[in-house]
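For reference, the structure is listed below as C-alpha cells.
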Amino acid sequence: MARLASRGESSLITLEVAKQSAADGHRIVELDDWPRDALILVLYRGDEFFVPNGGTRLEAGDRLIVLANKATVDDLSRLAQNTLTLDSGGA
C-alpha cells in the first residue's frame, strides 16, 4: 500500500513523458523505478483524458497529473526525463 505524506509535504505535479524515456512505451505496472508514494491521478493524451490503471501503456507526449511526496519529485523527473511543473498550491 502506498503512503502519501501529509498535506504540507505533498504536491500535485504535471509530468510529460519524453520520447525514448524510461516510461515511453511501457505499461505503468512495468515501471519498476516509479516511486511507491506517487499516484497518477489523470492522464492526458491529445485532447482526451482518463484515469489510468496499471495496464495503461504510456506514450511520448502523455501528460500525467501526479500526487506525490515532495521528496520524490526528483525521482519522477528522472523517470520521465522532462520538465516538471509544480502546482503552486500544493495538495
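The values are calculated or read from the model by the stated rules, or taken from the named source; none is laboratory data. Predicted model, so just to flag it, every value in this text is computed and none were measured. Ideal geometry is used to build each Cβ from the backbone, glycine not excepted, and the neighbour counts take in all protein chains shown. These area figures cover heavy atoms from the full protein model, side chains too; ligands, DNA and RNA do not enter into them. Shrake-Rupley method; radii C 1.70, N 1.55, O 1.52, S 1.80 Å.
Out of the stretch 49-70, which residues are of a type in the set (Gly, Ala, Ser) and modelled with pLDDT under 95? Please lay out each step first, then the result.
First, pick out the residues of the stretch 49-70 that are of a type in the set (Gly, Ala, Ser): 54-55, 60-61, 68.
Listed by number, the residues that qualify are Gly54, Ala60, Gly61, Ala68.
If you go through the stretch 8-25, how many residues are open to solvent by less than 80 Å² (accessible area, probe 1.4 Å), over 14 Å from Ile65 (Cα atoms) and part of a loop (DSSP other than H, G, I, E, B)? Qualifying residue count, the stretch 8-25: 6.
Within the stretch 13-39, which residues are without any contact (Cβ under 8 Å) to a residue 60 or more places away in the chain and in contact with a strand residue (DSSP E or B) (Cβ under 6 Å, 6 or more places away or on another chain)?
So the first thing to find is which residues in the stretch 13-39 are without any contact (Cβ under 8 Å) to a residue 60 or more places away in the chain, and the list is 19-20, 22-39.
Within the stretch 13-39, Arg27, Asp37, Ala38, Leu39 meet the criteria.
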